[in-house]
Structures are given as C-alpha cells and as structure tokens.
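Worksheet for the structure shown next.
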Amino acid sequence: QRLDGDFDHPNDYAALMLFPLGLCLVLFTTEKSRIIKNLTLIGLAVMPMIIFMTQSRGAIVALAAGGFAYVVLQGKGRAKSLLAMGGIAVVVVIFAPSSVWTRLSSLQSATESGNLGTANDNHSAEQRFEIWKVAWSVHEAFPITGVGWGAYPNAHSSFSRSSGIGSLARGARDAHNTYLTVLGETGWIGFSLWVGMIASIVASAVRAMQRIRAYAPEYAQQIKLILLSLLAYGVCGMFGSFAAMSFTYLHLAMLVAMSSVANRDVDAFVNGPERRRGES
C-alpha cells in the first residue's frame, strides 16, 4: 500500500489524526515541562480542527466517542479535563467551516426521515449504506475463508451487480468498513485471528497499566490515553478500511512497547536489591 494513498482520502486523513492526538494528550497530561505542555495545546487544538475540516463524519463520531470515554474514565482531575476539553471544543466550533455543520445537520434530518438519499452530502451516506450491503453479501457467500487478502474490490464489483443493490455501489470499491473488509477477505477464520491479536495486545496493555499504577501513576495514565486513542480509531474503523494501513499496526506496536516497559519497570522495582534488602 502506497504511503501517500493513506492521505489522499479525507476520511483516512482524519482517522490518522487520532493517534497523534492521543500522543499530544499523553504529553499534555504527564509532561512536567511547561514549555512542552503548552506546545501540545497547539496540537490539541489543530488536530480536532483538521478532523472537522475534512468533514469526515466517522472521524467526528470517533472523536466524540474517545472524548466521552476519556471523561468517564478520568478519576482525579475530571473537572480540569472537562474544562480543557470545553475550551478546545469552543475553538473548534468557532473556526470550523459552516459547511461542516450544514452537512451534519442534513445527515441528521435524513436519518430521522429514514431516507438517506435526501442528505445534502452528494449521496455519500446512501452510497456507503449500499456498499455495506454488498460487503455483507460477499461475507455470506464466503463465510469461512473469505475471498482472499486484497481481493475484496474484485468481489465487490461482481456482487454489486446483484438485484436489490443500488447503482451507487457498483464497481470495484472498498467496503468502507474495516471489520466488513476483514470478514469479506479472510472470513471468520482470519477475522477471529485478527481480532484476537488486537484483543491480546489491549488486554496486555490493561494489565500493565494496572500493575504500574501503584508505582508510576503518570505512566499508567499514558497507557490509558493511548488505549483511548485506539478506541476512537476503532470506532472510526466502522466508516473506513484500515486493516491494511501501516498506521494501525504502528499504534498497536506503541501499546506493545509501552506495556513491555511498564512490566519491566514493575519487575525491577519488585525484585530490585533495595526491595530484597528491605524484606530481609
């Protein structure tokens, strides 16, 4: 996959902002240097603005989901976090172009009426729904092994000519959904292995976060924030196909590295010479 291809589509570009946004949150909440802390505020204001300017509804929903989870899981300092997020939201609302709100409001009215074709989005929502129908049809035809990694566009082109599928979904298209793409290309076998890999990394990160919280709460906070950015990225994956995107695995590799360092530091503290002398 070409690196520049990840940035060609505004939906993909918006999704890729979620990971560095999480890194900015890590620095903002744990960095002691006031200069670096203030500099991260620029990223915390600019990256949500970029997401809104792409008008990617999936990324906006993912951003809201990540923000909500952050506030819910935040213990000490929740009021301060709410105040900071409120300030960022005000900046975004003021400077976001009016076309963003027009597009979101038209989609809301179309959803309420049950007719996605009335949304003022160049039939984007209607087309996406039809594409998802094709993706599920591909999965139903090859439920166990799928059509093969990277072969989904050709399968989509064939199945999109079936009856009951709108003409907007015709052609060799992407599924515009990470989970449907993996199901369609690898079936339940590949999907289970892929989800299991991610689940094991997340579970390991959660255990490492819980272990290190008593010794270095700021490091536990870092792991939690990267987990939340991965959660937002996963929500965004419902509206884009990111399984073959290198940035997905860069995000997971970051969690693996942070978990390994956290476990190493806890083991060094528990089994260190100072600890052993104190026990003796």
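Before moving on, here are some points about what is shown:
- By accessible area with a 1.4 Å probe, ligands and nucleic acids excluded, highest first: order of K32, K37: K32, K37
- The figure for L21 is an accessible area of roughly 20 square angstrom, using a 1.4 Å probe on the protein chains alone.
- Working note: Karplus 6.51/-1.76/1.60 with θ = phi - 60° gives segment 31-43 the couplings 6, 8, 6, 5, 5, 5, 4, 6, 5, 5, 4, 5, x Hz, where Gly and Pro are set to x.
- Segment 225-266 residues near the modelled L73 label - backbone nitrogen below 13 Å, point 7 Å along Cα→Cβ: 225-235, 255
- Percent carbon-and-sulfur accessible area, segment 172-236, ignoring ligands, DNA and RNA, probe 1.4 Å: 67 percent
The values are calculated or read from the model by the stated rules, or taken from the named source; none is laboratory data. Quick caveat: nothing in here was measured; it's all calculated off a predicted structure. Here Cβ is always computed from backbone atoms with ideal geometry, including for glycine, and neighbour counts include all displayed protein chains. Heads up: the accessible areas ignore ligands, DNA and RNA and are worked out on the full protein's heavy atoms, side chains in. Shrake-Rupley method; radii C 1.70, N 1.55, O 1.52, S 1.80 Å.
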